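So the structure is just underneath, and the comments pick up after that.
Rule-based calculations on the coordinates, nothing more; no lab input. Since this is a predicted model, take the numbers as computed values, not measurements. FYI the Cβ positions are ideal-geometry reconstructions off the backbone, even for glycines, and counts take in every protein chain you see.
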Amino acid sequence: MTHDHVRKLELHVAEVSPKTKWIFLEIEARSGLIGFGEATLTGAEDAVLAAMAKLAPLALGLPEASPRHLPKAHPLTGLPEAAAFSALDQALWDIAARRQGVGLAAALGGVRRERILLYANINRRTLDRSPEGFAASARQAVAAGYGAIKIAPFDEVSPAICSAGEGVRAAQPGLARIASVREAIGTDRDLMVDCHWRFDEATATALIAALAPFGLHWLECPVPESTAELAGLRRLRSLANRQGMRLAGCEENIRREGFVPFLEAQAYDVMMPDVKYAGGLSEMLALAELLARHGVAFSPHNPSGPVCHAASLHVAAAAENLSSLEIQFDETPWFEALQAPALAHPKDGFATLPAPAGLGMSLDRDALDRCRKVRWSAP
């Protein structure tokens, strides 16, 4: 029997907006089957390229182009390696599902849901950072059918500013943006706010009190995520819950061991593993089960390109525990242009699983040629 070894790896860095690059992995098996993964890590493209060069011999040495041969316990030192490894896993799963002639969710163990509830992240498409600019973006997302909106409004805040005692003052423009978005979308739609780890506990405590009038669904990543912050995160969660909102986080954690301290500390109501960093698609499903056992909602982080989105759809369809799935809303026309065939447009805030085998899409070659800035291959 001739095994279908990995023949070639290619990494593509595509510039899709002045501030955004997406990183795609393409694996070709000797049979000619091709699988895709995504390793986007904003601002760390060179580090991801170096990590992929380091991991390439691992993939090229597999006895078969299949995720079951990828060593799940391979040590990962930091996010660039986690992104590279996770992209390898995605692409190998894509090949395995195409080989079976089934969709990726079916290959992962079965489809639990055909329709996936989405929420729209409007942050990166909002170039006008005024309250009115945020509100205009939110209205467009609502017009497109989304029932839940996420924003990241605290551009002026940083940990250093909070340490200097100026965090509450610096948060005022962000609060004005939140108020404007809430007015624009009404009170019958969920509004989530991402803080991008900009606050310290004291300032986040004041922030939660100030957010009470806006009826947030969740507050995300208020403080840097480290073991030193676990007790503070639990206090912030308790305070947020008393205000009627949930606390969310853990979008860059790696494998289950990266989530366990936060679960044990009861730090979050919602955790947001990312297919690009968590360590593989099977790891994502295991995380969904782990979170379910702890009573924590599973809401995958998915603010980047179309390959990540397709993989996230299949994980969401196969997961035991799903709250909702993020999608970047209208950041760039490249999101649709790079899909071949095109994924179905979300309808009424829901996505449907693509019908073709594997991920259900490939990268459009002409579009990729037009936006690609870096191309790397091995061997």
**Item:** Cβ charges +1 (Lys, Arg) and -1 (Asp, Glu), total dipole of the chain, debye
**Value:** 360
**Request:** Go from 0 up to the bin containing the longest alpha carbon distance in the range 173-273, width 10 Å each, and give me the % of pairs per bin.
**Result:** 16, 50, 27, 7, 0
**Fill in**
Spelling it out for residue 339: with amide H atoms placed in the peptide plane at 1.01 Å from N, the residues 5 or more places away or on another chain with amide H under 5 Å from its amide H are 364
**Request:** Could you list which residues have their amide H under 5 Å from that of residue 119, counting only those 5 or more apart in sequence or on another chain, with H placed in the peptide plane?
**Result:** 325, 326, 327
**Request:** Mind computing the radius of gyration and Dmax over the alpha-carbon atoms of the range 208-256? Å is fine for both.
**Result:** 11.5, 37
**Fill in**
Whole-Hz Karplus couplings 3J(HN,Hα) for the range 365-372, θ = phi - 60° and coefficients 6.51, -1.76, 1.60, Gly and Pro as x, run 5, 5, 5, 4, 4, 7, 10, 6
**Prompt:** How would you order 91-102, 162-173 from highest to lowest mean count of nearby Cβ atoms within 10 Å?
**Reply:** 91-102, 162-173
**Message:** What number results when the radius of gyration of the range 107-358, computed over Cα atoms, is divided by 2.2 N^0.38 Å?
**Reply:** 0.98
**Request:** Using just the helices of the chain, give the 222 nm mean residue ellipticity in deg cm²/dmol: DSSP H runs with n ≥ 4 each add -39,500 (n - 2.57), and the total is spread over all residues, rounded to 500.
**Result:** -12000 deg cm²/dmol
**Asked** Can you give me the relative contact order of the chain as a percent, contacts being Cα pairs under 8 Å and 6 or more apart?
**Response** 22
**Request:** Among the lysines, select those whose C-alpha is under 28 Å from the C-alpha of residue 72, and discard any that sit fewer than 8 residues away in the same chain.
**Result:** 8, 21, 54, 276
**Complete:** To the nearest 10 degrees, the tilt of helix 306-318 (Cα long axis) against the first principal axis of the alpha carbons of the chain is 90
**Prompt:** How many percent of all Cα-Cα pairs in the range 79-167 sit more than 19 Å apart?
**Reply:** 67
**Complete:** For 185, 116, ascending order of other Cβ atoms within 10 Å (fewest first) is 185, 116
**Item:** Rounded to whole Hz, the Karplus (6.51, -1.76, 1.60) HN-Hα couplings of the range 58-69, x for glycine and proline
**Value:** 4, 5, 5, x, 5, x, 7, 6, 8, x, 5, 9
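For residue 376 and residue 125, what does the FRET efficiency come to when R0 = 30 Å and r is the distance between their Cβ atoms, rounded to the nearest 0.05?
Values: r = 29 Å, r/R0 = 0.96.
The pair residue 376/residue 125 has a calculated efficiency of 0.55.
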**Request:** Give me the distance between the Cα centres of the range 51-109 and the range 190-248, rounded to whole Å.
**Result:** 35
**Fill in**
With 0.36 nm assigned to each residue of separation and the Cα-Cα distance removed, residue 111 to residue 212 gains 32.5 nm
